[in-house]
Amino acid sequence: NDRENCSRGALIVVEGLDRSGKTSQSCKLLSYLDGQGYSVESWRFPDRSTCVGEMISSYLTNKSQLDDRTIHLLFSANRWEKRSLMESKLKKGITLIVDRYSYSGVAFSSAKGLDIEWCKAPEIGLLAPDLVLYLDIPSEKAAERGGYGGERYEQLEFQKEVAKRYQILQDTSWKIIDACLPIEDVEKQMKELVVDSIVTCQKGKPLSQLW
Ligand code: 2DT
């Protein structure tokens, strides 16, 4: 029927500091929605599987050095190279759960001291999320959670700067989730918000663009 023909999937983004629980919560969300019969895929940025993604990965693991603006533009390019696929999936009715997106891009680069407006510019024209689930956790608490790995950026002082930038970036698409609550509570809140967002998109909410 008509409704099915035009109904699109929702673009859901999960953001938060390292160790805030983004990846495990995204997994839970995926299997829940899948079990409920929604058509859904799980994505993540950086997508390390592309050529650009390999350059990013080598930078993150300290195997290469890049100028701050250069790496910023590579992260952005890594989203641009996926933009058309993202749009076609959404238009086919597939909901995407995306672990990190432009907000990580701007928060991490501007935390190094780059101008925030400069950081936002290359993101202009990428698809805007329908919902951003921000897993809110104090940097100290996150650091206590089994510690960080060895990648660049996984340091307490830097994460504190990132948290400040995330605050500046909040907009009406954001829902702040207290990531210190028990895992099941976080999960429940996320499920409800996502299902609401999927319904709104099915009802014809248009896709929009950053920024
Ligand atoms: P993961 O540990 O989630 O793979 O992230 N980052 C990420 C940026 O600096 N800019 C971006 O645009 C994105 C998407 C955050 C790897 C690290 O890369 C940072 C953590």
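Rule-based calculations on the coordinates, nothing more; no lab input. Predicted model, so just to flag it, every value in this text is computed and none were measured. Backbone-built Cβ (ideal geometry, glycine too); neighbour counts: all protein chains shown.
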Just wondering, is there one or more residues in segment 142-152 that are within 24 Å of L114 (Cα to Cα), surrounded by fewer than 17 Cβ atoms within 10 Å (Cβ to Cβ) and either acidic (D, E) or away from the ligand (no atom under 13 Å from the Cβ) (or both)? yes
Residue check: is K188 out of contact with any strand residue (DSSP E or B) (no Cβ under 6 Å at 6 or more places or on another chain), over 30 Å from S64 (Cα atoms), assigned to a helix (DSSP H, G or I) and without any contact (Cβ under 8 Å) to a residue 60 or more places away in the chain? yes
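Considering only segment 1-74, give the helices (runs of 4 or more DSSP H) lying wholly within it that have at least 2 residues that are within 14 Å of the ligand (Cβ to nearest atom).
Values: elements: 2-6, 22-35, 51-60.
The qualifying helices (runs of 4 or more DSSP H) are 22-35, 51-60.
Would you mind finding the one in G37, G93, G53 that is without any contact (Cβ under 8 Å) to a residue 40 or more places away in the chain, farther than 23 Å from L169 by Cα and over 19 Å from the mean Cα position of the chain (by Cα)?
G37
In the list E157, E123, which residue meets the criterion of being of a type in the set (D, E), loosely packed, with under 13 Cβ neighbours inside 10 Å and either away from the ligand (no atom under 12 Å from the Cβ) or closer than 22 Å to I56 by Cα (or both)? Break it down into steps so the answer makes sense when it comes.
Working: E123 fails: loosely packed, with under 13 Cβ neighbours inside 10 Å.
Sole residue among the options that is of a type in the set (D, E), loosely packed, with under 13 Cβ neighbours inside 10 Å and either away from the ligand (no atom under 12 Å from the Cβ) or closer than 22 Å to I56 by Cα (or both): E157.
When the residues of segment 75-87 are filtered to those that are away from the ligand (no atom under 12 Å from the Cβ) and touching a residue at least 40 places away in the same chain (Cβ under 8 Å), which remaining residue is surrounded by the fewest Cβ atoms within 10 Å (Cβ to Cβ)?
The initial filter retains those residues of segment 75-87 that are away from the ligand (no atom under 12 Å from the Cβ), namely 81, 83-87.
Within this subset, residues satisfying the condition of being touching a residue at least 40 places away in the same chain (Cβ under 8 Å) are 83, 86-87.
Details: R83: 13, M86: 20, E87: 15.
Among those that are away from the ligand (no atom under 12 Å from the Cβ) and touching a residue at least 40 places away in the same chain (Cβ under 8 Å), it is R83.
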Can you find a residue in segment 99-108 that is within 14 Å of the ligand (Cβ to nearest atom), out of contact with any helix residue (DSSP H, G or I) (no Cβ under 6 Å at 6 or more places or on another chain), touching a residue at least 60 places away in the same chain (Cβ under 8 Å) and not in a loop (DSSP other than H, G, I, E, B)? yes
